[in-house]
Amino acid sequence: MTTDSPAFVSVYEIVCRIPRGKVLTYGLISHLIGKRLSAQGVGWALNALPGSAKVANGKKYHSQNVPWHRVVNSKGGMSTHKIIDIPPDMQKQLLEAEGVKFDNEDKMVLDDYLWHEGLV
DNA sequence: ATGTTGACGCATG
DNA sequence: CCATGCGCCAACA
């Protein structure tokens, strides 16, 4: 796969830096990497994670060492319901394990959990 | 090469 | 609030 392209690696690098209990949005990551990849492209980068490990820049990226669950959409919700590789509630459970609270609509308060430090 | 699809976002009605 | 359309970029048939 061509998931070792610089833009994809940039996504992985940023996602790996997200601290516990914090999250980033797809659009934000897209902006952070200088729009080299659109929000959809970010989604594709993460989509390539499950299954086999991706090696780039001498580092190995995999769903096990990349906190993909800390990436949410702009509504503070999740969109993993369409994906068969991952159970629908997996992301929610992983985030809850880090202290993120959800309302009855499975949405979070982005303002409280957004990783502001990463935007510097 | 072309059309379709997708872990998305934003503007518009 | 919900539905649509458009932009976006990469993978795939």
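Please work out the FRET efficiency for the pair A:Gln40 and A:Asn104, using the Cβ-Cβ distance as r and a Förster radius of 41 Å; give the result to the nearest 0.05. Show your work: numbers first, answer last.
Details: r = 28 Å, r/R0 = 0.69.
With a Förster radius of 41 Å, E is 0.90.
Could you pull out every residue, at least 5 positions away or on a different chain, whose amide H is within less than 5 Å of the one on A:Ala56? Hs are placed 1.01 Å off N in the peptide plane, and Pro or chain starts have none.
A:Tyr61
What residues qualify as long-range amide H neighbours of A:Val23, i.e. H under 5 Å apart, gap of 5 or more or another chain, H built at 1.01 Å from N?
A:Leu114, A:Trp115
Counting other C-beta atoms within 10 Å, and keeping those with at most 16, which DSSP coil GluC sites (Glu not before Pro) do you find in segment A:89-120? Can you show the working numbers first?
Working: sites: A:Glu96, A:Glu98, A:Glu105, A:Glu117; in loops: A:Glu98, A:Glu105.
The qualifying sites are A:Glu98, A:Glu105.
Report the net charge of residues surrounding A:Leu28, where surrounding means a beta-carbon distance below 12 angstrom and charges are Lys +1, Arg +1, Asp -1, Glu -1.
Working: positive: A:Lys22, A:Lys35, A:Arg70; negative: none.
After counting each charged neighbour, the total is +3.
Return the whole-Å distance between the Cα centroid of segment A:23-48 and the Cα centroid of segment A:79-120.
So the separation of the two Cα centres works out to 16 Å.
Beyond a 21 Å Cα-Cα separation, which of these cross-linked pairs lie in this structure: A:Lys82/A:Lys107; A:Lys22/A:Lys92; A:Lys35/A:Lys60; A:Lys60/A:Lys92; A:Lys22/A:Lys75; A:Lys54/A:Lys92?
Numbers: A:Lys82/A:Lys107 17 Å; A:Lys22/A:Lys92 13 Å; A:Lys35/A:Lys60 23 Å; A:Lys60/A:Lys92 25 Å; A:Lys22/A:Lys75 15 Å; A:Lys54/A:Lys92 24 Å.
Those over the limit are A:Lys35/A:Lys60; A:Lys60/A:Lys92; A:Lys54/A:Lys92.
Compute, for segment A:36-90, the length of the dipole vector about the Cα centre, with Cβ point charges of +1 (Lys, Arg) and -1 (Asp, Glu) only. Units Debye, rounded to 20. Display every interim value, and only then the final one.
On the way: 7 positive and 2 negative charges, 50 e Å.
It works out to roughly 240 debye.
How high is the relative contact order of chain A, given as a whole-number percent (alpha carbon pairs under 8 Å, six or more residues apart)? Could the numbers behind the result be given before it?
On the way: 141 pairs, mean separation 35.7, N = 120.
Normalised by residue count, the contact order of chain A is 30 percent.
What number comes out for the charge environment of A:Lys75, summing +1 per Lys or Arg and -1 per Asp or Glu over other residues with Cβ under 15 Å away?
Values: positive: A:Lys92, A:Lys107; negative: A:Asp103, A:Glu105, A:Asp106, A:Asp111, A:Asp112.
In short, -3.
Read-outs: derived from the displayed coordinates by stated rules, not from any lab. Just so it is clear, the structure is predicted and the values come from calculations on it, not from any experiment. In this analysis, Cβ positions are derived from the backbone assuming ideal geometry, glycine residues included, and neighbour counts consider all displayed protein chains.
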